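Structure, as structure tokens:
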Amino acid sequence: MRAVGRLGGWVVAIVCLLTAHPPIRLSAQDSMAVRDTVARIGPLGAMWRSMVLPGWGQAVTERHTMGAIFVAWEGVTIMMTFKTQGEADYLREVRSPLLEAKEREFEDWLVLWVFNHLFSGAEALVSAHLRDFPPDLRLRAVPGGIAVSLPLPRF
């Protein structure tokens, strides 16, 4: 019985020692540190991400609505490019006189598909550069020009 009492005392002492010192957290385990590293992608990194996959750079810079617009337009242009290619193939088989117009339509959709990547990259580059822009900056039109106001912090 006495051995159990000593063992219990040791268990209590070890538990007290372990709980007296706060746990050590690694910076990689901190959710805010992970969030900061993800959100702090550079402008060129955001641009290249959006040029590879439109909307990716916007998602990284926390512009989710704009990213969704680029993703949706990407889907439309992909679908229409393949659709018009299929129609052009059919018109080629039946030797239709409308083939030339359909091939031009295919090229138009292909150009819009490519420009979606370019515009998405440009928008991600600009939004990443302007991420630290003060949100309180106000621009307004006044007679004869533009007025700019920026509230300054009080010390």
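Laboratory data are not the source of any read-out in this text; all were calculated from the coordinates shown. These numbers come from a predicted model, not from an experiment. Every residue, glycine among them, receives a Cβ derived from its backbone with ideal geometry; neighbour counts consider all protein chains shown.
Here are the numbers for this structure:
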read-out	value
Least to most buried among ARG104, ARG131, ARG95 (fewest other Cβ within 10 Å first)	ARG95, ARG104, ARG131
Length gained when the stretch ARG140-ALA13 is fully extended (0.36 nm per residue, less Cα-Cα span)	38.9 nm
Estimated inter-spin distance, ARG95 and HIS129, nm [label 7 Å along Cα→Cβ]	5.6
Extended-chain gain in nm, criterion 0.36 nm per residue less alpha-carbon gap, GLU103 and ALA68	9.7 nm
R0 of 30 Å, Cβ-Cβ distance VAL52-ALA147: FRET efficiency to nearest 0.05	0.15
